[in-house]
Amino acid sequence: MAHTRGAFRQTWTAVRAVLVFTIALGVLYPALITLAAQAMPAQSSGSLVRVDGEVVGSSLIGQSFTDDEGNALPEWFQSRPSAAGAGYDGAASSGSNYGPTSADLLAAIADHTAAVAALEGVSEDEIPADAYTASASGLDPHISEAYALLQVDRVAEARGLDATAVRELVESKVEGRDLGYLGEPRVNVLELNIALAEMDK
Amino acid sequence: MNTFASALPGAFRKLDPRLMWRNPVMFLVEIGAVLTTAIAIAEPFTGRAPSGGAELAPSFTVGIAVWLWITVLFANLAESVAEGRGKAQAASLRQTRTSTAAHLVDGRELSSADLTLGDEVVVVAGEVIPGDGDIIEGIASVDESAITGESAPVVREFGGDRSAVTGGTRVLSDRIVVRITSKPGETFVDRMIALVEGASRQKTPNEIALNILLASLSIVFVIVVLALNPLSSYAGQPASVPVLVALLVCLIPTTIGALLSAIGIAGMDRLVQHNVLAMSGRAVEAAGDVTTLLLDKTGTITYGNRRAVEFVPVGGASETELVDAARLSSLGDPTPEGSSIVELAGGSAAMTANSTVIPFTAQTRMSGLDLADGSQVRKGASSMVIAWAGSAPDDLEPVITRISESGGTPLVVARDKQILGVVHLKDIVKEGLKERFADLRAMGIRTVMITGDNPLTAKAIAAEAGVDDFLAEATPEDKIAYIRTEQEGGNLVAMTGDGTNDAPALAQADVGVAMNTGTSAAKEAGNMVDLDSDPTKLIDIVRIGKQLLITRGSLTTFSIANDVAKYFAIIPAMFAGVFPGLAVLNIMGLHSSASAILSAIVFNALVIVFLIPLALRGVKYRAVSASSLLGRNLLIYGLGGIIAPFIGIKLIDLVVSIIPGF
Amino acid sequence: MTVLFFVLQLVTIAVVIGLLYRPLGDYLAYAFTTSKNLRVERGFYRLIGVTPESEQNWSAYLRGVLAFSAVGILLLYALQRLQQLLPFALGFPAASEHLSFNTAISFVTNTNWQSYSPDLTFGYGVQLVGLTVQNFVSAAVGLAVAVALIRGFSYRRSGTIGNFWVDLTRGVTRVLLPLSVLTALVLVATGVIQNFAGFTDVTTITGGTATIPGGPVASQEAIKLLGTNGGGFFNVNSAHPFENPNPVSSMLEIILMLAIPFALPRTFGRMVGDHRQGYAIAAVMGVLYIASASLMTWAELSSGTMEGKEQRFGIIGSTLFGTTSTITSTGAVNSMHDSFSPLAGGMAMVNMMLGEVAPGGVGSGLYGMLVVAIIAVFIAGLMVGRTPEYLGKKIGAREIKLASLYILTTPTLVLLGTALSFAIPAVRADVEGTSIWNPGLHGFGEVLYAFTSAANNNGSAFAGLTANTPWFNTALGVAMMLGRFLPIVFVLALAGSLAAQDRVPVTTGTLPTHRPQFVGLLLGVVVIVSALTYFPVLALGPLAEGLQ
């Protein structure tokens, strides 16, 4: 009897506790954080990037610089291969999830390598790893410095710009390791392309 | 070798599944043996199933089946050998139990088997005492060699602490009346037989805990093995049943599973060898846990008697005068104290004729001699001698105080009403005890001395003996109170006792060792009986208790550590057919899949036999701190347990690989 | 150079966790032992009808845990099934029955396995009112159970082990909520978003369209890591730039995952009155963590690629995060473990197979480690000739039975779950045809990983596996539920049994449990027990794949 009554009482306590927690932690807590985050509007709204006042993307979310069929536009620096939706789909983040010994992975890498080699006119063994591998999120906003430099000649040629100037632009956009030792050096593709367009104006 | 051979029939009898069931680990092995045997018989007709995508040697299944049976037999053998050691002793005890006639006080005649609680029987010289009981009338010398193995007869008498007699022992002289205190079939001898045969052996709490752990490990491995084929049917090739059984048997802790009950029986047996009977295995284990040891001063810590160690002259008397008087006063004193004075005084001069011995009485508390020449010599308690002499020298008092404070007893000696000096009588602490107590301290055990002495004396002796604490002017109630306080603090207490007034304390203590010479009440109350009635044996009992646990723990560690090597033998052998890459795990370089698996099984069986002597003897116990003990045992049984099978399996594989087909 | 950066990052983690150890551990001990109640807590107790002063025996405490979790599961199930009625649903429909079942259990059990892609499944309503709430309270339940077990050691001859409702409340009000508020704002500063903007389409500089997601991410991200939950706001979890924008935020997230689990040994030491006991437990956890991180990083540097990794994190940033997440039962990822080299992916499984004890989840890591310690003490105690005792409590048949059952639970769930996936023909057809993404050995690894993750309440995945099927949703749901609550039953029973005992005084014959010797022994037992259990399946999966 005591057990049953105890169990019933505890269940009733549990129901009330879940409801109170739901209001406190599911409504009040996020509301508080959202309000406080207003103090940092740039970050909390998604590090949006504007050109001429219009939002053209987020510096944190990678984009593809391709035509509707997915072919690389030669006048833009290209991002890494993406497995998010049809590529850089901000509503469907995803990696390829190919296993390390997967035949599909080898095929995909072969495809990407061949495409990059063809686009940049270099031999396949000059291509850095990030150029032929899909990122974890499918929304990786960065490429390696090596991959950015690899694209300089092609971009300069497509735009009729001086390759040295473009290379200098790339080098100015290289972000080093955070605090000198965290993460990897990288280039933000969207920011680089905006700067490129600016230079090309 | 002989003991092994005689234990073999027993080992076969124990294959009965109804008996095997009690040991879940070995029961699993037996099931595996049955299964493999069935497959081995069927194989010539059904053909051999490949395992892991590879063909195994034709005699593989037969080999596995045979060695699984051998594994089970070895385990049974271990138990049989352990039991065999008690068998001989039981047989001789049985003889004492043969039915004898009992003459009841009321004139009836009964068979000893029909005696019940409270019957009073008369036993005269030459007769066998028909049952356990207390003497309620008379005194007799009794031959107890049937139980204790000691041939010298002992005196048993009404009243006091030597009133208990044991059924099956023989009265050599005189006549006694005994009140029976045991029910038929539950006599001391009956219990003893059951104990040494291991028949009444019940699993001890700690053994149960270990069994649970071993069973859980076995369950895990059963699941591991059961899961293997569904998995390898997708990623690889399924293994054959004999291979899976072999893997399972290698993984479950067979070594400790096989030896666990032998270890327990051998532990009890070791106690029996020390002439101690434990009424339960639980008590033996508790002995290993004891943290407080209560020891009676007299007889345990000190020799029963005080000895003279020093003569201190006072009042201007010369040492020679004192020594001479002291010797004279003790010539007629038959007590050990008296003879020790004569001994210290040098030589046993014959008593001069016509002298009169004045014996010690409780009233005078003096003894001495009235010589033929009329001079009187006295020694005794200071107050009485001073009263006798009428006056005391000024320097007497400091001497008496000094001796008392050092734990000694001052005996004042006077001649012709003139006090000559003091004899220093001292409790002599048994040799080697201080070291043993230091050992106990290192083991984490506190020793407490119980004495009727005053606190001053007790303190001095305690310091000399090196005990950690003492209980002075102790009454039986004090003892119980002390034990209770210790237990409240979480301590486990062991004590010895013999008298009826010890019984409550013996019952209260976690380990109560009753002296065989003691009363039935004491023997009932305690959970062990020491047949030699040697109180210092408590220390050995603690040691045996610890050794029992250490042996279990060490062999468990060894058994589990063995699994590492077995994995390296079997896993590559199981899957190398499908995944040649896994061959890098074959670090022992075993010859073939079949030889690797068979070698692991053979090793698994042989290691049981190799360890039987250790299980019976027990792992060596040293009185050192817990961490150095653990370090040592981890090194030997943990690290050794990892390395040994690598070597063993490799050697066996070298032999197996000679067999054609492997 | 790479090795240097790895060492520097490991040192950073060690220093920060080391600095947090004492203050955070002591604060936790204070929070759970003080007799003073905050005003907000008193109000809460009145609302739910609890007398904070009255302690419960272990079975009442357990009934509290189970009742609270059951109600939590029911509510979360209902919220998913009625999603379309909630505000901020973003147009998503109700989740399927089996998915809702799986997800409800997943978040209440602190596993946060996600069979679904959050980007495509849940609006902000379910994420906040359902998932975020459970992120808090499931972690608080873990803390409560751990504290109850510690009381088992520190109480003497007590019939009670504390009050579940008080422990639960304090875990939220004094520990998780304040820390989450703080860290959520720091995360926003690093670039984690916090808005209700939904998906925004923008025209890019090439004239194309890009979608920028929104959401109250930071508020959930903080508790996701602090509470070792791991359920991502987005499909790719902490690989998503809005959950983890840069290497600094990634390091911060690693530290958040480790902070409470590594501080709890201090709490343990403080509550049992011997800090050395805490250091010993923390040392075992620390050695395992460092060894595991080094092994996984070595494996990935030797043969890993950038497939499934973010450029900003690189290989080291990915393996450090992956180790931390799998060894703390968090299950968040900042790279795709499915694409790790076989041995590195195997290490992720090994981390979980250790039983999530190094340092494990919030609360669950400590109680798991203490249960293993009981086994270690039992064997070692025998070897010194005493009935084994831990902190003065005798380890007898009942304690060993409960500890053994605890140890048995997860391997059984992992092995049987994986085996059944291949043994039942209909299931196998579905698993092979629908769920497995990478066929062959790696596909076997995906299934093994899934059950390992579920039964150990980790929640990470070889994410190629399509787990949103009736079989996986149901089987993994059951594995998560049993993998969480059976051990809790055993731990609380253990706590009750220990609390009822007196404390045996320490003598030189007592096995010391604070010395390097014991640290080594406990380390050995943790490794050997799991190695023996999982070696065959690991050989069939990652080992066979890696040694091809």
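The values are calculated or read from the model by the stated rules, or taken from the named source; none is laboratory data. Given the structure is predicted, the values throughout are model-derived calculations rather than measurements. We place every Cβ from the backbone using ideal geometry, glycine too, and count neighbours over all the protein chains shown. Quick note on the areas: whole protein, heavy atoms, side chains included, nothing else; ligands and nucleic acids left out. Shrake-Rupley method; radii C 1.70, N 1.55, O 1.52, S 1.80 Å.
The modelled label-to-label distance between C:SER54 and B:ALA49, using points 7 Å beyond Cα along the C-beta direction, is 5.9 nm. Residue by residue along B:207-215, Cβ atoms of other protein chains within 10 Å of the local Cβ number 6 on average. Our note on the geometry: Cα centres of region C:175-193 and region B:1-80, 63 Å apart.
Using only the Cα atoms, work out Rg/Rh for the protein assembly as shown, with Rh taken as the Kirkwood radius, to two decimals.
Values: Rg = 40.6 Å, Rh = 36.6 Å.
Computed over Cα atoms, the ratio is 1.11.
In whole Å, what is the distance between the alpha-carbon centres of region C:413-483 and region C:66-82? About 24 Å separates the Cα centre of region C:413-483 from the one of region C:66-82.
The mean number of partner chain beta-carbon atoms within 10 angstrom of a residue's beta-carbon across peptide C:65-75 is 5. A simple spin-label model places the labels of A:GLU171 and B:VAL584 4.3 nm from each other, with each point 7 Å out along Cα-to-Cβ.
Placing pseudo-labels 7 Å out from each Cα toward the beta carbon at C:ASP201 and C:GLU97 gives an inter-label distance of 3.6 nm.
Given contacts defined as C-alpha pairs under 8 Å and at least six residues apart, what's the relative contact order of region C:2-284, whole-number percent? Write out the running numbers ahead of the final one.
On the way: 383 pairs, mean separation 65.5, N = 283.
This gives 23 percent for region C:2-284.
Kindly provide the helix-only [θ] at 222 nm of chain C, computed as the sum of -39,500 (n - 2.57) over DSSP H runs of four or more divided by all residues, to the nearest 500 deg cm²/dmol? Before the final figure, lay out the partial values.
Details: 19 runs with 337 residues, N = 548.
Result for chain C: -21000 deg cm²/dmol, rounded to the nearest 500.
What value does region C:2-284 have for Rg/Rh, both radii from Cα atoms and Rh as Kirkwood defines it? Can you show the working numbers first?
Values: Rg = 20.5 Å, Rh = 20.3 Å.
With Rg and the Kirkwood Rh in hand, the quotient comes to 1.01.
Suppose a student asked you for the relative contact order of region B:528-662, using Cα pairs under 8 Å spaced at least 6 residues apart; what percent would you report? Normalised by residue count, the contact order of region B:528-662 is 39 percent.
The angle between the Cα long axis of helix A:103-120 and the longest principal axis of the Cα atoms of chain A comes to about 40 degrees, rounded to the nearest 10.
Determine the relative contact order of region A:46-199: mean sequence separation of Cα pairs under 8 Å and six or more apart, normalised by residue count, in whole percent.
Numbers: 241 pairs, mean separation 37.7, N = 154.
Here the relative contact order equals 25 percent.
Summary of packing: across the peptides C:141-152, C:83-94, B:519-530, the per-residue average of other C-beta atoms within 10 Å ranks them, highest first, as C:141-152, B:519-530, C:83-94. The listed peptides C:458-470, C:277-289, ordered by packing as a protection proxy, come out as C:458-470, C:277-289 (highest mean of other Cβ atoms within 10 Å first). When peptides B:485-493, B:510-518 are sorted by average Cβ neighbour count within 10 Å, with the highest value leading, the order is B:510-518, B:485-493.
For chain B, which DSSP H helices look membrane-span-like by this rule: Cα extent along the axis of 24 Å or more and mean Kyte-Doolittle of at least -1.0?
Helices meeting the span and hydropathy rule in chain B are B:24-46, B:60-96, B:205-234, B:254-273, B:537-575, B:593-617.
For region C:253-294 and region C:204-229, what is the centre-to-centre distance using only Cα atoms, to the nearest Å? First find each Cα centre; the distance between them is then 31 Å.
Taking a threshold of 25 Å on the Cα-Cα distance, which of the pairs B:LYS87/B:LYS203; B:LYS379/B:LYS426; B:LYS14/C:LYS394 fall above it? Before the final figure, lay out the partial values.
Working: B:LYS87/B:LYS203 20 Å; B:LYS379/B:LYS426 16 Å; B:LYS14/C:LYS394 34 Å.
As for pairs spanning more than 25 Å Cα to Cα, those are B:LYS14/C:LYS394.
What's the FRET efficiency of B:LEU651 with A:VAL27 using the Cβ-Cβ distance as r and R₀ = 45 Å, to the nearest 0.05? E(calc), rounded to 0.05, equals 0.05.
With a 10 Å cut-off around each Cβ of C:522-529, the average count of Cβ atoms from other chains is 2.
A 1.4 Å probe run over chain B, with the rest of the protein chains in place, finds 39 Å² accessible per residue.
Both radii come from the Cα set of region C:353-547: Rg as radius of gyration, Rh as Kirkwood radius; their ratio Rg/Rh reads 1.06.
Listed by chain and number, the aspartates and glutamates placed with their C-alpha closer than 18 angstrom to that of B:LYS430 are B:ASP296, B:GLU337, B:ASP439, B:ASP453, B:GLU464, B:ASP468, B:ASP469, B:ASP532, B:ASP534, B:ASP540; residues fewer than eight positions away on the same chain are left out. Listed by chain and number, the lysines whose alpha-carbon sits under 21 Å from that of A:LYS201, ignoring those within fewer than 8 places in the same chain, are A:LYS173.
With r as the distance between the Cβ atoms of B:LEU606 and B:ILE636 and R0 = 22 Å, compute the FRET efficiency 1/(1 + (r/R0)^6) and round to 0.05.
Working: r = 19 Å, r/R0 = 0.86.
Working from the Cβ atoms, E equals 0.70.
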